[in-house]
Every structure is written in structure tokens, then in C-alpha cells.
Amino acid sequence: QVEHKSAVVYIDDDEPRSLDSDGMLSIRLQHGVHTYKVTAPSFLSESGSVDVQSERVAKQIILESAKAKLTVNTLPDAKIIISNHSYKNNTIELDPGVYVVEVSKNSYKTVKQEITLAPKEELTLTLEPVPVHGSLKIESNPPKGKVYLDGKIKGKTPLIINDVLVGDHYVRVKKKKLEVKEQKVIVKEDTQILQTYDLLKDEHSYVDLGLSVKWATCNIGANSPEESGYYYA
């Protein structure tokens with residue numbers, strides 16, 4: 001009897017024999033010593049011999065797992081792909097064999113490495129994607145505005161920010177009551193992106209038409225006479 005129903009049994013190096021639905025193999029043998037070998041996918045094979053001297057000899061076999069354990073040390077939120085299969089955990093059990101381990105992350109270059117796992121091997125692999133950078137050059141009118149990149153203050157204009165990860169970022173420029181609200185900027189690899197901001201007043205200019213009230217130079221919600229501003233119902 002074999003614990004694993006997918007196993008096959010070789011008796012005296014003869015043709016492989018399959019187990020029944022109960023994991024059993026019954027076979028008639030001549031008296032004497034006979035060799036056997038039991039194999040199953042993902043398990044270590046077991047070989048031995050039995051001495052058949054009585055009418056019935058029983059043998060129970062429990063195969064030992066051959067799976068190897070791979071631990072991939074990488075960056076947080078990185079995606080681990082092994083031979084085209086994605087894994088959420090960084091510790092994975094795999095059958096012995098050759099694999100290509102791939103680690104990717106947004107704004108980083110994907111890295112790959114081929115490994116060979118032996119039965120029951122425990123391997124720790126450190127594989128970190130390479131960051132891809134660009135840079136930003138921020139100018140404002142008037143100058144010396146405080147620059148916030150992704151919510152963090154970086155300095156005052158004019159300002160060059162190096163080693164910015166490629167992808168989407170958000171820039172805000174502020175100088176006292178003058179401010180440009182947060183805007184999206186797309187940073188590209190090995191490229192300096194120039195962004196120039198005209199700081200906007202937090203109140204409108206007015207004109208005096210000689211009436212009882214002063215009239216704004218643009219609509220509510222607009223920053224220039226050419227803009228429509230907000231619509232109300």
C-alpha cells in the first residue's frame with residue numbers, strides 16, 4: 001500500500017504498475033527476494049526489497065515530499081513571477097527543477113535570475129528591481145515659491161529635483177497668499193521635465209465702474225477674464 005495514489009510501482013525493474021483507487025497494488029510473486037521502487041510526482045522515490053516466503057507479504061510505503069523551499073527577498077509591493085506564474089507570498093514551495101525568477105515594480109526595471117532547485121533544498125534569493133529616475137525643474141512667477149512634491153516640501157523656486165522615480169507625481173507651489181494648486185506631472189526616464197507656474201492670487205482684481213459696488217474682472221471660479229468660471233443652477 002502506498003499513501004499517494006498517483007504513485008507507480010516497479011517490481012524487479014519490470015514495467016511500471018499503477019495503484020487501484022485505494023492506493024493498493026496486489027501482485028503474485030515467486031518465493032524469494034524481489035526488489036521494488038515507488039515513484040510519484042513531487043515526492044522522493046523509495047527503493048528496497050522484500051523476501052517473499054509466505055503466502056502473503058504486506059508493505060506500506062509513505063513517500064517523502066521532494067519539494068524545495070524558495071524565499072525571495074525583495075522590495076515592498078514588488079511582484080514575484082516564477083516561470084510565468086505570479087506569487088503573492090515571498091516564500092514558495094516548488095518541485096525540483098530549473099526556474100526563472102522575475103521581480104517587477106512600477107517605476108523600477110524588472111530583474112530576472114535563473115535558478116536550479118534540488119530536492120528538499122532551501123534557497124534564499126535576494127532580487128531587487130532597479131529604480132528608474134528622471135528629474136524635475138520647477139520655476140515660478142514670481143520666484144521663491146515653496147515647492148511641494150507629492151505632499152513633501154522640496155525647496156524654493158527655481159528648483160531642480162533629481163532622482164525622481166518615473167511615473168505620475170503631484171506638484172504644488174505656494175508663496176504666501178499666492179498658490180498653484182496641486183497638479184500632476186509625468187516624469188520620464190533620464191529626462192528633465194521643466195514646469196513653470198504662474199502663481200495665482202487668492203482674490204480677484206476689481207474695477208470701479210462708478211456704481212455702488214465694484215465689479216470683478218472675471219467670473220467666480222475663474223482666474224482670468226477669458227475663463228468661464230463655475231456654473232450654478
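The values are calculated or read from the model by the stated rules, or taken from the named source; none is laboratory data. In this text the structure is predicted, and so the values were computed from the model without any measurement. Here the Cβ is made from the backbone with ideal geometry for all residues, glycine too, and neighbour counts use every protein chain on show. The accessibility values were calculated without ligands, DNA or RNA, using every heavy atom of the protein model including side chains. Shrake-Rupley method; radii C 1.70, N 1.55, O 1.52, S 1.80 Å.
For segment 1-127, what % of the accessible area comes from carbon and sulfur atoms, probe 1.4 Å? Could you put the intermediate results ahead of the total?
On the way: 3680 of 8490 Å².
Carbon-and-sulfur percentage of accessible area, whole number: 43.
Starting from 0.36 nm per residue, how many nanometres of slack lie between Val130 and Lys188 once their C-alpha separation is accounted for? Walk me through the numbers on the way to the answer.
Numbers: separation 58, 0.36 × 58 = 20.88 nm, distance 1.51 nm.
Full extension of this stretch gives 19.4 nm more.
With a cut-off of 13 Å, note down the residues of segment 170-194 whose backbone N falls inside the zone around a label point 7 Å from the Cα of Lys152 toward its beta carbon.
Answer for this model: 170.
Quick one: which residues, 5+ away or cross-chain, put their amide H under 5 Å from the amide H of Phe43? H built at 1.01 Å from N.
Ala66
If one puts a single equal scatterer on every Cα of the chain and applies the Debye formula without solvent, what log₁₀ I(q)/I(0) results at q = 0.18 Å⁻¹?
Each listed q corresponds, in turn, to -1.19.
Among Gly32, Leu44, Asn73, which residue has its Cα furthest toward the positive end of the charge dipole of segment 10-83, with +1 on Lys/Arg Cβ and -1 on Asp/Glu Cβ?
Checking the options against the dipole of segment 10-83, the answer is Asn73.
Could you point to the residue in Ala7, Gln60, Asn89 farthest towards the positive end of the chain's charge dipole, with +1 and -1 charges on the Cβ of Lys/Arg and Asp/Glu respectively?
The Cα lying farthest towards the positive end belongs to Asn89.
Once R0 is set to 30 Å, what does the formula 1/(1 + (r/R0)^6) return for the Cβ-Cβ distance between Lys181 and Asn73, expressed as a FRET efficiency to the nearest 0.05?
Values: r = 41 Å, r/R0 = 1.36.
That gives a FRET efficiency of 0.15.
Just how large is the dipole of segment 24-93 about the Cα centre, in debye to the nearest 20, putting +1 at every Lys and Arg Cβ and -1 at every Asp and Glu Cβ? Working shown, then result.
On the way: 8 positive and 6 negative charges, 28 e Å.
Dipole size: approximately 140 debye.
For segment 42-83, build the convex hull from the C-alpha positions and give me its volume per residue in Å³. Walk me through the intermediate numbers first.
Values: hull volume 4.1 nm³, N = 42.
So the per-residue Cα hull volume is 98 Å³.
Excluding Thr35 itself, calculate the net charge of residues whose Cβ lies under 13 Å from the Cβ of Thr35, where each Lys or Arg counts +1 and each Asp or Glu counts -1. Before the final figure, lay out each step's value.
Working: positive: Lys37, Lys59; negative: Asp12, Asp13, Asp14, Glu46, Asp51.
Here the charged neighbours net out to -3.
In debye, nearest 20, what is the charge dipole magnitude of the chain about its Cα centre with +1 on Lys and Arg Cβ and -1 on Asp and Glu Cβ, if you could check? Display every interim value, and only then the final one.
Details: 30 positive and 33 negative charges, 344 e Å.
Dipole about the Cα centre, nearest 20: 1660 debye.
Specify which residue in the list Ser224, Pro158, Asn106 is farthest towards the positive end of the charge dipole of the chain, using unit charges on the beta carbon of Lys, Arg (+1) and Asp, Glu (-1), about the Cα centre.
Farthest along the dipole direction, towards plus: Ser224.
Could you pull out which residues in segment 109-138 have an amide N less than 14 Å from a spot 7 Å beyond the Cα of Tyr87, following the Cα-Cβ vector?
Within reach of a label on Tyr87, which here means backbone N under 14 Å from a point 7 Å along Cα→Cβ, segment 109-138 contributes 113-118, 120-127.
If the reach is capped at under 22 angstrom between alpha carbons, list the lysines near Lys59, excluding any in the same chain fewer than eight residues apart.
List returned: Lys5, Lys37.
What's the FRET efficiency of Leu209 with Asp163 using the Cβ-Cβ distance as r and R₀ = 41 Å, to the nearest 0.05?
Values: r = 54 Å, r/R0 = 1.31.
For R0 = 41 Å, the calculated efficiency reads 0.15.
With just the Cα atoms defining each centre, how far is segment 1-24 from segment 167-233? Give it in Å.
79
Given labels modelled 7 Å from the Cα in the Cβ direction, how far is it in nm from Arg56 to Met24?
Result for the modelled spin labels: 0.9 nm.
Cα-Cα over 20 Å: which of Lys137/Lys175; Lys156/Lys177; Lys137/Lys188; Lys156/Lys184; Lys69/Lys105?
Numbers: Lys137/Lys175 17 Å; Lys156/Lys177 15 Å; Lys137/Lys188 13 Å; Lys156/Lys184 18 Å; Lys69/Lys105 23 Å.
Too far apart for the 20 Å limit: Lys69/Lys105.
Per residue, what accessible area does the chain have, given a 1.4 Å probe and all protein chains present, in Å²? Intermediate values should be presented prior to the final figure.
Working: 16080 Å² over 233 residues.
About 69 Å² of surface per residue is accessible.
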